[in-house]
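Everything below concerns the one structure shown next.
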């Protein structure tokens, strides 16, 4: 007699990864994963992403708040001091250039630009090296991929046609973003060169493209109607700009 398998929802898979699944469901979820290798691979990729985020941010989150930034001290200072400190932070960020940042119009929400683009570059660097499992949904299922990401993210996610740039859609995946879910699309040339498109909700209103580099990777960021876009690729800035412009033009045409 075949044992009946209890169905497991995607929310339960996320709860399993986060350690928030009720104990009585754990055995059911583990049995489900043993019988469904695709879901097991997704769970493993979510865990890898969670571990990367913890490795990057846990130390910062545990740091004590500097005395100069304690709320009691800030509210006693005049507003002019606060703006001066913000301006100094912008200057230090642009002048420091530890990650090789080049920002056009950086006075407009530079911290949002920096954090958002770093998240996109981290995702790009994590998945472009994957050979067997770079994406969750294959590019052969473009319609399903777009519908799934649109439903989960809350805005119209469209996978642009980049054939004119020599790029074929590899596929996409859902990622955690700064203000909710983020969509992640990957493209590839016949020679194996890969570009990614990361979109998520943002507070930035930077409609003009801003360029940033980190190590050997480059990225172009812009925002439109509350959604931020980052196109990431290699160090060839002109090549990256042409790909990003094609993405930008199609996003404008589609009104997304």
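Table for the structure above
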| item | result |
| --- | --- |
| Any hit, region 106-114, residues being under 27 Å from residue 193 (Cβ atoms), in contact with a helix residue (DSSP H, G or I) (Cβ under 9 Å, 6 or more places away or on another chain), assigned by TED's automatic domain parsing to the domain that holds residue 226 and at pLDDT below 90 | yes |
| Flag for residue 210 being modelled with pLDDT under 90 and either at positive phi or over 15 Å from the mean Cα position of the chain (by Cα) (or both) | yes |
| Residue in region 174-190 that is surrounded by the most Cβ atoms within 10 Å (Cβ to Cβ), counting only those that are touching a residue at least 24 places away in the same chain (Cβ under 8 Å) and in a loop (DSSP other than H, G, I, E, B) | 178 |
| Residue that is farthest from residue 113 (Cα to Cα), among those in region 200-246 that are out of contact with any helix residue (DSSP H, G or I) (no Cβ under 9 Å at 6 or more places or on another chain) and part of a helix (DSSP H, G or I) | 238 |
| Looking only at region 1-49, and only at residues there that are under 22 Å from residue 172 (Cβ atoms) and part of a loop (DSSP other than H, G, I, E, B), the one that is modelled with the lowest pLDDT | 9 |
| Scope region 139-163; condition surrounded by 14 or more Cβ atoms within 10 Å (Cβ to Cβ), in contact with a strand residue (DSSP E or B) (Cβ under 7 Å, 6 or more places away or on another chain) and without any contact (Cβ under 8 Å) to a residue 60 or more places away in the chain; matching residues | 139, 142, 145, 148, 149, 152, 153, 159 |
| Some residue of region 164-173 being buried (at least 19 other Cβ atoms within 10 Å of the Cβ), at pLDDT 95 or above and not in a strand (DSSP E or B) | yes |
| All positions within region 222-238 that are buried (at least 16 other Cβ atoms within 10 Å of the Cβ) and over 16 Å from residue 186 (Cα atoms) | 222, 223, 224, 227, 228 |
| Residues of region 119-129 classified as more than 14 Å from residue 211 (Cβ to Cβ) and part of a helix (DSSP H, G or I), total | 7 |
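The values are calculated or read from the model by the stated rules, or taken from the named source; none is laboratory data. Everything numeric here is computed off the predicted structure, so don't read it as measured data. So basically every Cβ, Gly included, is an ideal-geometry build from the backbone, and we count neighbours across all protein chains shown.
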